[in-house]
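One structure below.
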Amino acid sequence: MRGVIFDLDGVLVSTDELHYHAWKSIADGLGIAFDESHNHALRGVSRMESLERLLGDRAGEFTDEQKHALAADKNDRYRASLKSLTPRDRLAGVDRLLEELRAHGVRMAVASASKNAREILDRIGLSAAFDAVVDGVDAPKSKPDPQAFVLAAERLGLEPPACVVVEDADAGVRAARAAGMRVIAVGAAAGHPEADDSCTSLGELTSSRLLG
Ligand code: MG
């Protein structure tokens with residue numbers, strides 16, 4: 001029995017723009033420069049760690065309480081924008097690949113750093129498509145810690161070497177490696193030196209190439 005563990009943002013759906021606009025309002029309010037390249041560097045990074053990176057040299061000016069308030073403000077803005085997501089926001093190739101894997105009896109999970117992962121899956125109509133979901137609440141240790149992938153394998157009832165991870169972020173590729181899993185880098189992470197294989201989108205992947 002084999003399993004495939006998908007990252008969510010950047011693999012099954014793209015919420016980059018939504019994260020960008022929410023972080024941008026926080027940065028603008030503080031007079032901190034923040035553009036799309038700064039946002040890009042936050043892919044797969046947890047909310048609090050993203051805030052630390054956004055604050056940069058100014059992080060010391062804020063108390064923990066103020067930081068939590070800023071992160072909550074960002075999340076409220078982000079969650080309001082999630083209402084615009086629909087099943088049409090699934091990325092290219094997702095439906096075909098999930099169907100193909102299902103037909104081959106492969107077990108499937110999502111392992112995301114996002115605490116909003118379940119709501120996102122619901123909005124894009126994929127809640128019932130997976131045998132297990134691990135979100136940022138279940139696995140609080142941020143990737144590159146392997147916690148999210150190890151827990152996803154456990155919930156699938158599989159050993160790590162039986163699992164393949166599909167990831168779009170550097171931290172996620174390293175987390176999958178640390179979990180002892182095969183890893184396919186997609187999109188932004190394509191060509192990652194620690195990945196077993198790479199592709200620009202799921203549209204290029206077949207189940208046999210994925211499972212290796
Ligand atoms: Mg991602």
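Among the candidates VAL133, VAL183, VAL165, VAL150, the residue that is among the β-branched types (Val, Ile, Thr) and more than 25 Å from ASP89 (Cβ to Cβ) is uniquely VAL150. The criterion of at least 3 residues that are hydrophobic (A, V, I, L, M, F, W, C) and more than 14 Å from the chain's Cα centre (by Cα) is met by the following helices (runs of 4 or more DSSP H) wholly inside segment 78-191: 94-103, 147-156. Among what's in segment 170-183 and is within 13 Å of the ligand (Cβ to nearest atom) and either of a type outside the set (Lys, Arg) or in the same structural domain as ARG47 (by TED's automatic domain parsing) (or both), pick the residue that is surrounded by the fewest Cβ atoms within 10 Å (Cβ to Cβ). The residue in question is ASP170. One residue stands out in segment 186-197 among those that are crowded, with 20+ Cβ neighbours inside 10 Å and more than 11 Å from the ligand (Cβ to nearest atom): the one that is nearest to LEU98 (Cα to Cα), namely ALA195. Six or more apart or on different chains, Cβ atoms under 7 Å: show the pairs whose first residue is in segment 174-201 and within 19 Å of LEU12 (Cβ to Cβ) and whose second is surrounded by 17 or more Cβ atoms within 10 Å (Cβ to Cβ) and basic (Lys, Arg). Matching pairs, first to second residue: ALA175/LYS143; VAL183/ARG177; ALA188/ARG43. Only residues that are hydrophobic (A, V, I, L, M, F, W, C), under 23 Å from ALA117 (Cα atoms) and either outside the structural domain of ARG58 (by TED's automatic domain parsing) or in contact with a His (Cβ under 9 Å, 6 or more places away or on another chain) (or both): list them for segment 19-46, please. Selection gives TRP23, LEU42.
Could you please let me know if ALA41 is surrounded by fewer than 18 Cβ atoms within 10 Å (Cβ to Cβ) and either within 12 Å of the ligand (Cβ to nearest atom) or closer than 19 Å to GLU167 by Cα (or both)? Yes: the conditions hold for ALA41. Condition check for SER201 on (1) away from the ligand (no atom under 14 Å from the Cβ); (2) polar (S, T, N, Q); (3) farther than 15 Å from GLY44 by Cβ: one failure, at (1).
Would you say VAL106 is hydrophobic (A, V, I, L, M, F, W, C) and more than 16 Å from the ligand (Cβ to nearest atom)? Against the criterion (hydrophobic (A, V, I, L, M, F, W, C) and more than 16 Å from the ligand (Cβ to nearest atom)), VAL106 qualifies. Condition first: of a type in the set (D, E, K, R) and in the same structural domain as PHE130 (by TED's automatic domain parsing). Can you find one or more residues in segment 101-109 that meet it? Yes, segment 101-109 contains at least one residue that is of a type in the set (D, E, K, R) and in the same structural domain as PHE130 (by TED's automatic domain parsing).
State all residues of segment 127-169 that are in contact (Cβ under 8 Å) with a residue 40 or more places away in the chain and within 15 Å of the ligand (Cβ to nearest atom); if no residue qualifies, say none. Those that are in contact (Cβ under 8 Å) with a residue 40 or more places away in the chain and within 15 Å of the ligand (Cβ to nearest atom): GLY136, SER142, LYS143, PHE149, ALA152, VAL165, VAL166, GLU167, ASP168, ALA169. On inspection, MET1 qualifies as surrounded by fewer than 15 Cβ atoms within 10 Å (Cβ to Cβ), touching a residue at least 12 places away in the same chain (Cβ under 8 Å) and in contact with a strand residue (DSSP E or B) (Cβ under 9 Å, 6 or more places away or on another chain).
The values are calculated or read from the model by the stated rules, or taken from the named source; none is laboratory data. Bear in mind the structure is a predicted one, so any value in this text is a computation, not a measurement. We place every Cβ from the backbone using ideal geometry, glycine too, and count neighbours over all the protein chains shown.
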